[in-house]
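Novice: Let me give you the structure first, and then I'll get to my questions.
The values are calculated or read from the model by the stated rules, or taken from the named source; none is laboratory data. Note that this is a predicted model, so its numbers are computed, not measured. Every residue, glycine among them, receives a Cβ derived from its backbone with ideal geometry; neighbour counts consider all protein chains shown. We work out accessible area using only protein heavy atoms, side chains counted, and drop any ligands, DNA or RNA first. Shrake-Rupley method; radii C 1.70, N 1.55, O 1.52, S 1.80 Å.
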Amino acid sequence: MKFVALLLIVLPLGSAQVAFDAKWRRALKPDVHGTLSVLEGGIAFQPRKEGKREVSWDFEDVQHLDRISPTEIAIQSYSDSALRLGRDRWYRFELVSGEFPDELHARVVERIGKPATDRVARKPPDAELAIPAKHVGLLRGSQGMVYFSPEWIVYLTEVPRDSRSWRLDRDVAAVWSSDPYRLEVHVLGGREAFARRTEVHRFSLKRPLDPEYYFGLKMKLHALNSRP
């Protein structure tokens with residue numbers, strides 16, 4: 001893939017980096033050291049070892065971006081993976097120097113223009129509601145706080161990689177509550193099966209969810225998802 005222009009994005013980030021010393025973490029193969037760069041047209045990784053080819057993606061060729069931690073990101077491409085029986089291939093990168101800052105992450109997700117996963121959650125400054133909760137997992141869950149703001153649903157926990165930030169108009173497909181102490185958030189994640197489906201995050205709430213707020217949230221999501 002070729003970019004329209006190989007120029008660094010001009011970002012209002014002060015001294016934040018847009019090129020990082022990084023490792024490409026590969027399953028069943030040795031890591032590859034090199035430089036991960038955010039460019040004008042997309043994202044590229046250039047291996048340090050001579051003779052190793054660059055891997056790169058135009059922003060439109062990134063199917064999903066997962067910020068796993070401040071120093072880890074994963075890219076879901078549209079390329080087939082032989083190891084995953086033809087499912088779309090993921091590329092995981094760990095930064096050796098610096099962090100992938102909030103401002104850069106927001107700009108990259110905007111350029112990609114698709115739902116994203118962000119596990120580097122922060123309490124929204126305009127939170128309208130906060131409820132302590134357990135995030136129910138298949139084998140093990142975590143405990144934290146669910147925050148609701150006009151634009152976001154945020155789950156914040158001290159358990160690494162289990163926090164989440166979901167933007168209502170981009171990431172959330174629906175919410176569902178069977179009773180005031182249960183909440184499901186259906187998000188457009190990067191999970192893949194033979195038929196694509198939403199990821200369902202289930203929460204056991206320690207305080208009841210106000211029914212009027214829940215109804216208003218469902219109506220807001222319906223309006224957002226009905227936009228052309």
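Novice: Please find, within the range 85-99, the residue that is farthest from Glu158 (Cα to Cα) out of those that are open to solvent by 60 Å² or more (accessible area, probe 1.4 Å) and outside any loop (DSSP other than H, G, I, E, B).
Specialist: It comes out as Arg89.
Novice: Now, a different point. Which one is nearest to Arg170 (Cα to Cα), of the residues in the range 100-118 that are in a helix (DSSP H, G or I) and open to solvent by 30 Å² or more (accessible area, probe 1.4 Å)?
Specialist: Glu110
Novice: Looking at (1) exposed (fewer than 13 other Cβ atoms within 10 Å of the Cβ); (2) touching a His at 6+ places or on another chain (Cβ under 6 Å), which one does Ser142 not meet, given that it meets all the others?
Specialist: Ser142 satisfies every listed condition except (1).
Novice: Residue check, Asp126 against (1) in contact (Cβ under 8 Å) with a residue 24 or more places away in the chain; (2) of a type in the set (Asp, Glu); (3) not in a loop (DSSP other than H, G, I, E, B), all met but one. Which one?
Specialist: The single condition Asp126 does not satisfy is (3).
Novice: May I pose another question? Out of everything in the range 145-161 that is out of contact with any Lys or Arg (no Cβ under 8 Å at 6 or more places or on another chain) and over 17 Å from Lys206 (Cβ atoms), what residue ends up being least open to solvent (accessible area, probe 1.4 Å)?
Specialist: Out of the qualifying residues, it is Ser149.
Novice: Of all residues in the range 129-173, how many are within 18 Å of Pro70 (Cβ to Cβ) and touching a residue at least 40 places away in the same chain (Cβ under 8 Å)?
Specialist: 7
Novice: Among the listed residues Arg164, Arg182, identify the single one that is open to solvent by 20 Å² or more (accessible area, probe 1.4 Å) and either under 30 Å from Ile73 (Cβ atoms) or of a type in the set (A, V, I, L, M) (or both).
Specialist: None of the others qualify; the one that does is Arg164.
Novice: Continuing with this model, one more query. Within the range 81-89, identify whether any single residue is of a type outside the set (Val, Ile, Thr), modelled with pLDDT of 95 or more and farther than 20 Å from Ala121 by Cβ, and answer yes or no. Show your work before the answer.
Specialist: Applying the first criterion (of a type outside the set (Val, Ile, Thr)) to the range 81-89 yields 81-89.
Add one more test, that the residue is modelled with pLDDT of 95 or more, and what stays is none.
No, every residue in the range 81-89 fails to be of a type outside the set (Val, Ile, Thr), modelled with pLDDT of 95 or more and farther than 20 Å from Ala121 by Cβ.
Matching residues to (1) at pLDDT 95 or above; (2) more than 23 Å from the chain's Cα centre (by Cα); (3) not in a loop (DSSP other than H, G, I, E, B):
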residue	(1), (2), (3)
Trp166	yes, no, yes
Asp169	yes, no, no
Val175	yes, no, yes
Pro180	yes, yes, no
Leu183	yes, no, yes
Gly189	no, no, no
Ala195	no, no, no
Arg202	yes, no, yes
Pro208	yes, yes, no
